[in-house]
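The values are calculated or read from the model by the stated rules, or taken from the named source; none is laboratory data. Because the structure is a prediction, the values reported are computed rather than measured. All Cβ positions, even for glycine, are placed from backbone atoms using ideal geometry, and neighbour counts span all protein chains on display. Accessible surface is based on the protein model in full, side chains and every heavy atom, while ligands, DNA and RNA are left aside. Shrake-Rupley method; radii C 1.70, N 1.55, O 1.52, S 1.80 Å.
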Amino acid sequence: MLRIHDLHKSYPTPQGLLPVLQGVDLRLERGGSLALMGESGSGKSTLLHLVAGLDRADRGHIHADGRALHAMGERQLAQWRRCGIGLIFQQFNLVGSLTVADNLAFQARLAGRHDPRWEAELVERLGLGAILGRYPEQLSGGQQQRVALGRALASRPPLVLADEPTGNLDEATADQVLALLLALVEGSGATLLMVTHSPQVAARLQRTVVLRAGRVHPGPGDVP
Ligand SMILES: Nc1ncnc2c1ncn2[C@@H]1O[C@H](COP(=O)(O)OP(=O)(O)OP(=O)(O)O)[C@@H](O)[C@H]1O
Ligand SMILES: [Mg+2]
């Protein structure tokens, strides 16, 4: 599903180029789930952004869902962002001017994959029925993240990318949101790449890798 080879990415800074990814190799099979760990600043979000098509690598290859992201033009990348992935962030990133119902349907409509039956099922499973008419600022953190899960999954993306999706939630809410995310991803057959700082969260996924010194290393218990 996801094949990353020799990926490099640096950022320009006033002090010169900051090398962040320096030869990342990674494989993730279809339907698999992978936790990406590593110290703050090790480049986890950077790697996720490259896979999401939000930014471009300096060199190296990313094949995702049979497509060569590194060779895509802007239009194809935009299409990948719309249809190929579901993105979940730590900060929820809901659209403040849209109701819960419209936030949910937003990306699926953009992707041309608005499916009212699937959306109704997501609403049911995520327990959002009573708050569909509310706006994000009227929701708790856990509610906002459940909406963000629904939004990410509504277009049935083959690949779900989550950057510390439970990092802003208290422990009980985080457990509940994580369980929902894993159940929904598994049920939809999607592949999951999740950044997390929590070994407990990582242990719920099939594999763990660690980003260190610009490269990916096997995590505890991970067979490369
Ligand atoms: N747009 C940018 N311009 C310059 N430097 C950047 C940019 N984005 C990230 N960096 C730097 O690249 C490095 C990796 O950042 P990144 O956000 O990928 O780390 P991370 O592993 O996600 O960290 P955290 O766990 O704190 O979220 C950091 O040193 C960061 O300061
Ligand atoms: Mg990060």
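Hey, does region 50-62 have a residue that's of a type in the set (Lys, Arg) and within 18 Å of the chain's Cα centre (by Cα)?
yes
Looking at (1) more than 15 Å from Ser198 (Cα to Cα); (2) touching a strand residue (DSSP E or B) at 6+ places or on another chain (Cβ under 6 Å); (3) within 10 Å of ligand 2 (Cβ to nearest atom), find the lone condition where Leu69 falls short.
Evaluating Leu69 over (1) more than 15 Å from Ser198 (Cα to Cα); (2) touching a strand residue (DSSP E or B) at 6+ places or on another chain (Cβ under 6 Å); (3) within 10 Å of ligand 2 (Cβ to nearest atom) leaves (3) as the failure.
Do any strands (runs of 3 or more DSSP E) lying entirely in region 9-113 carry at least 1 residues that are crowded, with 18+ Cβ neighbours inside 10 Å, of a type in the set (Ser, Thr, Tyr) and more than 16 Å from ligand 1 (Cβ to nearest atom), and which ones are they?
In region 9-113, 33-37 are the strands (runs of 3 or more DSSP E) which contain 1 or more residues that are crowded, with 18+ Cβ neighbours inside 10 Å, of a type in the set (Ser, Thr, Tyr) and more than 16 Å from ligand 1 (Cβ to nearest atom).
Being surrounded by fewer than 16 Cβ atoms within 10 Å (Cβ to Cβ), small (Gly, Ala, Ser) and in contact with a Lys or Arg (Cβ under 9 Å, 6 or more places away or on another chain) is the filter here; which residues of region 178-219 pass it?
Ala179, Ala183, Gly187, Gly189, listed by residue number.
Cβ-Cβ below 7 Å, separation at least six or inter-chain, first residue in region 154-168 and within 11 Å of ligand 2 (Cβ to nearest atom), second in a loop (DSSP other than H, G, I, E, B) and among the hydroxyl-bearing types (Ser, Thr, Tyr): which pairs?
Filtered contacts from region 154-168: Glu164/Thr196.
Between residues in region 87-115 that are within 13 Å of Ser155 (Cβ to Cβ) and residues that are in a helix (DSSP H, G or I) and open to solvent by 30 Å² or more (accessible area, probe 1.4 Å), which pairs lie under 8 Å by C-beta distance while being six or more apart or on different chains?
Partner pairs satisfying both residue conditions: Gln107/Arg82; Leu110/Arg82; Ala111/Arg82.
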